[in-house]
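Contents: one structure, followed by commentary.
Taken together, the values in this text are just the output of simple stated rules run on the coordinates, not laboratory data. Just so you know, these numbers come straight off a predicted model, no measurement behind them. A quick note on method: Cβ atoms are made from the backbone with ideal geometry, for glycine too, and the neighbour counts reach across all protein chains shown.
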């Protein structure tokens, strides 16, 4: 079955520390891949996306993500976290044969001073 | 562009009442999606439209839920009658094919 997995329900990091949020998918072919962020009480905002080409993609707010075909992963990273990065992060996948988004269950990020 | 617009932002109603949520997609987008978000179930796709035509409504929980898109700039999600378990945040998103852009959501509370 097709699925998107975010193994970490909740992560806590110190401000200034590096961050990596994990995302794995299971599809037959390389899908389109997305990361969204949701601040409390807000809608989902697109951070970055990967369709093809360079496997390291840059997004807004200093985030980047790397697509690794061999691991079926699309992990989100940030070298130095800011307190304002505290939010819920969703990985999403669109099979390249369709239009429907499949979202992971989300990772809640807490940033401590 | 103003982005995806949803109204109302908050709705509190009593069980049994009809609720109508509204969405205005980004101009030029030909896909529109309705999602529901709860703590227990996360983000669920309810239904999506392409060129105003419903394509997949398999996520609509039951017959109490209905969605329409009478034109390219407006969609509604209706719940009749509403129940407490319908309490959630309902998001609308629009797309021109590859990336979805979300509205701010409607927080629905059914007492």
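Has the stretch A:31-52 got any residue that is over 22 Å from residue B:4 (Cα atoms) and within 12 Å of the chain's Cα centre (by Cα)? Scanning the stretch A:31-52, I find at least one residue that is over 22 Å from residue B:4 (Cα atoms) and within 12 Å of the chain's Cα centre (by Cα), so the answer is yes. Looking at A:80, A:108, A:52, just one residue is away from every other protein chain (no Cβ under 14 Å) and either in contact (Cβ under 8 Å) with a residue 24 or more places away in the chain or surrounded by fewer than 20 Cβ atoms within 10 Å (Cβ to Cβ) (or both), and that residue is A:80. Report, ordered by the first and then the second residue, all pairs with beta carbons closer than 9 Å, sequence separation of six or more or different chains, a first member in the stretch B:39-63 that is more than 12 Å from every other protein chain (Cβ to nearest Cβ), and a second member that is surrounded by fewer than 10 Cβ atoms within 10 Å (Cβ to Cβ) and in a strand (DSSP E or B). Filtered contacts from the stretch B:39-63: B:52/B:70; B:52/B:71. Of all the residues in the stretch A:84-105, those that are over 14 Å from residue A:37 (Cβ atoms) and either without any contact (Cβ under 8 Å) to a residue 12 or more places away in the chain or more than 10 Å from chain B (Cβ to nearest Cβ) (or both) number 6.
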